[in-house]
Structures are given as C-alpha cells and as structure tokens.
Amino acid sequence: MGVMYEAIQGKEEGADDLELGLKVSKPQSHQQHCFVLPSNPNHKPPRLVSLDVFRGLTVALMILVDDAGGILPAINHSPWNGLSLADYVMPFFLFIAGVSLSLTYKNLSCKSVATKSTLLRALKLFVLGLFLQGGFFHGINNLTYGVDLDRMRWMGVLQRIAIAYLVAALCEIWLKGDGDVKSGSSLLRKYQLQLGIASMISFVYILLLYSLYVPDWEYQIPTGNSLSAPKTLLVKCGVRGHTGPACNAVGMIDRKILGIGHLYTRPVYARTEQCSTNSPDYGPLPSGAPSWCQAPFDPEGILSTVMAIVTCFVGLHFGHIIVHFKDHRNRIFQWSISSCCLLVLGFALDWFGMHVNKALYSFSYMCVTAGAAGILFVAIYVMVDVFGYKRMAVVLEWIGKHALMIYILVACNVFPLILQGFYWKQPHNNILSLIGVGKRT
C-alpha cells in the first residue's frame, strides 16, 4: 500500500521515486535510452522529519474529528459557509502531497518512467478509494458487504487525492524550467509553467461556479413502505452564480456527469438550521424545511476537486523552496511570505462575498486552508528540524510514516469491521459492543 501515494505515505528529501536497481526502458529506435541509476543502499539521505510529523498530526486530527465530531458538532465539518477544525484535514493532506512530490521528483533521470509510475500509483489509489468509500462496506453493525454498481459512489477522499496527485506530479515531471534559483523571483520563473497551470485551473473553477446556469431539478427519496413508489421532490433554481446548498454549479455538474444516484447521500448541509432541528448536528427535519434538505451532494465532487488540485500546487511551491534554498532562515522567510499572502487573500475574498466553503472548495477556502497549512508546517519545521525537538513528536512521526495503513484501518472503519466479524452466538455480542462502540440502542 505504501507505494501508492506520497501524500499519506511517501518518500521525502533525497528519496528516489523508482525502485532500486538499474531500469532500462524499451525505447523506440529513434529515442534516447532511459537509465535509472541504482542508489547506494548504505547511504539514505535523511527524511524531512517535520513533514512526517505534519502528516501524522493530520491523521490524528482526522481521527479526532471523525470520532468526536458527532459528540462535539463544533469541530465537525461546517454545515455550509465557514470553517471548523474538520475542514482543514483534506487541504492539509493535499498540501503534504505537493511538498512530497517536489522532493520525490527533484532529480529525475527518466521522465517517461516516472510518468508511468505516477499513472500507476494514481490509478491504484483511485481504485482503493472506490473499494473503501464507494459503498462496498455497509458500516458498523452491518456484517454484509457489496455495492450496487448503479448506486456506487464514484468520488471520495482518496479519489480526490489521486486526481490532485496525478495532475501535480505530471506538472512536476514535465513542466520545469532550466534556470538556476537564487531568489524568490527566480524560483517563480523556473516554475512559471506550473504557476500558469494553477492560475488557469483557478480561473476555470471561478468561471464555471459563477457563470453556469442551474435549472430546476428533482430527486427521489424512498418512502416508509418498501412497496410504494419513491417520493419525488422538486428543487426550484433557475439561477446563475448561486453558491447556496441547492442551486450551485458544483452540485449541478455532479448530477449531470456522475448521476444523482452516485453522490454522497448524507450531505453536510443536512446539518444547517434550515434542515435540522439539532443544528449544527444532524437531526429531524424542521417544519417547512426546504425540498433540497434530503438531496444527495458530494463534498468531493468534480468541480470542487478541480479547485483542490491547486492546494497540491501550493505544496509543490513549498517543496521547491526546500529543494532550492538550504538555509533555514531563507526557507522560513519564503514560506511565511507565501502563507501570509494566501491567508490575507482568502479572508479578504470571504469579506467581499466569495465565502470560505469546504463543500464547494471555494477559491477563498483554498487560500485560507493552504495558508494555514503553510503556517503550521513552518511551526513544525522550526520545532523539529531547526531546534531538534524530535522526541516530543516521535508518536506523530510514526503515524506519519504509516499513515495510509492507519487511514484504511481506522478512518475507513476496516479494523472495527474486522473485530465485529468475531462474535459469540449473536452478531451483537462482539468486542466492540462490550466497550460501547457501535452498540445498538
């Protein structure tokens, strides 16, 4: 599993993206041979410990908000506009992916081999996401498994990371300048094509979000009687540039391309005051609730994933600073300038009406969360790699090195489901029920 993606389980500074040993591609007669020289197994450059610690901290944060979010709704995902603790997890992973990529691909001997490796790694991660988050597992207290392909969820957390990783990695492999880097301006010139791609992605996202016309649409929900026909609800829109839960272009694109049956069925906006009497937690529908409250909506949809790619590019930029600037003070200065600019821009856009919104992955949300990731990374880097306080973070470092395994076993409930598979006489007599996890009430 560890070879699948550098964002959760990666190889950092000085590591080679390819397997050890001599690899020779099969070139055409007119092409240049590609050689990947073997590394010395006795000389492994040190990992960037602060990146492992940051990755481990993000995994710990993810587990915290997943397990305690139902008890403390304030740390759970924001019902719509705004930020909460849980809303930082996804951008942090994407940021870490970008940093790792820049370190992994800083010395390439063969672009074609690296491209093949990148495509395979992204495909593996995407398929893993489909398996874990596409509906194959039915959750705690349900020992059945399997998914109707007509209702399978196509997008998810790992799928989003796979797409962002793929785009950023291909740009890192093929879109580098040849000039030397001696200052911040020369760094931007060397990677100006990557900056252009990130700017173009942001422009396309904003253009589609605010210019696409969203017509009225409808969806169906099951009734209490399994023999009765499902109930059809109409959502009235007929607007352009709306960023509310019902009539935004992000949801419309997902409904048109993915199909409404393949979207996440427990949308975050079901916790808004309009849709829940227990807001900001899930709860019964209030009287006069809007028709869209029970409609599916995917927080990792197509258009929002397009914007999420830019967070990975921000991480690439931070990694480029590591590659080209060796002085701690210079690195910290460059990172701090970038982070502060992103934070100021994000909060300014929110103040002017482009709201910070995780479900839409708005441009202002990208700026604020990427800037926050940069500030936190600087703090961890100073503590761990500059002042050497590594013993204090040894647990987080270990989690960071094994993060994909922990994510699969804990965050995707694979380990609890395995434990529930062993019971005494009746399925509810299992280890988890004894300690109060997944206990039926």
For this session: Inspect all residues belonging to segment 308-317 and state whether any of them is within 21 Å of Trp154 (Cα to Cα), outside any loop (DSSP other than H, G, I, E, B) and open to solvent by 20 Å² or more (accessible area, probe 1.4 Å).
Result: no
Exercise. Which ones in segment 339-357 are open to solvent by less than 20 Å² (accessible area, probe 1.4 Å) and either in contact with a strand residue (DSSP E or B) (Cβ under 9 Å, 6 or more places away or on another chain) or not in a helix (DSSP H, G or I) (or both)?
Worked result: Val356, Asn357
Problem set entry | Failed item, numbered, when Gly184 is tested on (1) modelled with pLDDT of 90 or more; (2) within 29 Å of the chain's Cα centre (by Cα) | (1)
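Take Tyr205 and decide whether it is open to solvent by 20 Å² or more (accessible area, probe 1.4 Å), in a helix (DSSP H, G or I) and of a type in the set (Ser, Thr, Tyr). Write out each step before concluding.
Numbers: open to solvent by 20 Å² or more (accessible area, probe 1.4 Å): no; in a helix (DSSP H, G or I): yes; of a type in the set (Ser, Thr, Tyr): yes.
Judged against the criteria, Tyr205 is not a match.
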For this session: Find all pairs meeting these conditions: Cβ atoms under 9 angstrom apart; at least six residues apart or on different chains; first residue within segment 83-95 and without any contact (Cβ under 8 Å) to a residue 12 or more places away in the chain and outside any loop (DSSP other than H, G, I, E, B); second residue open to solvent by 20 Å² or more (accessible area, probe 1.4 Å) and among the β-branched types (Val, Ile, Thr).
Result: none
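Inspect all residues belonging to segment 369-390 and state whether any of them is in a loop (DSSP other than H, G, I, E, B) and touching a helix residue (DSSP H, G or I) at 6+ places or on another chain (Cβ under 7 Å). It would help to see each step written out before you state the result.
Keep residues of segment 369-390 that are in a loop (DSSP other than H, G, I, E, B), which gives 387-390.
Retained after the next criterion (residues that are touching a helix residue (DSSP H, G or I) at 6+ places or on another chain (Cβ under 7 Å)): 389-390.
Scanning segment 369-390, I find at least one residue that is in a loop (DSSP other than H, G, I, E, B) and touching a helix residue (DSSP H, G or I) at 6+ places or on another chain (Cβ under 7 Å), so the answer is yes.
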Exercise. Can you spot a residue in segment 320-338 that is open to solvent by less than 20 Å² (accessible area, probe 1.4 Å) and among the aromatic types (Phe, Trp, Tyr)?
Worked result: yes
For this session: Go through the residues of segment 244-266 one by one and say whether even a single one is over 21 Å from Gly82 (Cα atoms) and of a type in the set (Asp, Glu).
Result: yes
For this session: Could you grab the pairs with beta carbons closer than 7 Å, sequence gap of 6+ or different chains, first residue in segment 183-207 and more than 16 Å from Thr311 (Cβ to Cβ), second one open to solvent by 90 Å² or more (accessible area, probe 1.4 Å) and part of a helix (DSSP H, G or I)?
Result: Leu188/Leu195
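Could you list, in sequence order, all residues of segment 386-401 that are over 17 Å from the mean Cα position of the chain (by Cα) and within 19 Å of Phe92 (Cα to Cα)?
In the first step, residues of segment 386-401 are kept if they are over 17 Å from the mean Cα position of the chain (by Cα); the result is 386-399, 401.
Across segment 386-401, the qualifying residues are Ala393, Val395, Leu396, Glu397, Trp398, Ile399, Lys401.
Name the single residue, out of those in segment 219-276 being among the charged types (D, E, K, R) and in a loop (DSSP other than H, G, I, E, B), that is modelled with the highest pLDDT.
At the first step, the residues of segment 219-276 found to be among the charged types (D, E, K, R) are 231, 236, 240, 254-256, 266, 271, 273.
The next check asks that each one be in a loop (DSSP other than H, G, I, E, B); those that pass are 236, 266, 273.
Working: Lys236: 95, Arg266: 88, Glu273: 92.
For segment 219-276, the residue satisfying everything is Lys236.
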Exercise. Which condition number does Tyr264 fail, the rest of (1) within 26 Å of Gly156 (Cα to Cα); (2) open to solvent by less than 60 Å² (accessible area, probe 1.4 Å); (3) among the aromatic types (Phe, Trp, Tyr) being met?
Worked result: (2)
Exercise. Which residue out of Glu172, Glu218 is charged (D, E, K, R) and in contact (Cβ under 8 Å) with a residue 24 or more places away in the chain?
Worked result: Glu172
Problem set entry | Conditions (1) acidic (Asp, Glu); (2) under 21 Å from Gly251 (Cα atoms); (3) in contact with a Lys or Arg (Cβ under 9 Å, 6 or more places away or on another chain); number of the one not met by Asp178 | (2)
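The values are calculated or read from the model by the stated rules, or taken from the named source; none is laboratory data. Values in this document were obtained by computation on a predicted structure and should not be read as measured data. Because the Cβ atoms are built from the backbone with ideal geometry, glycine has one as well, and the counts that use them run over all protein chains shown. The protein model used for the area step is the full one, side chains on, heavy atoms only, and it has no ligands, DNA or RNA in it. Shrake-Rupley method; radii C 1.70, N 1.55, O 1.52, S 1.80 Å.
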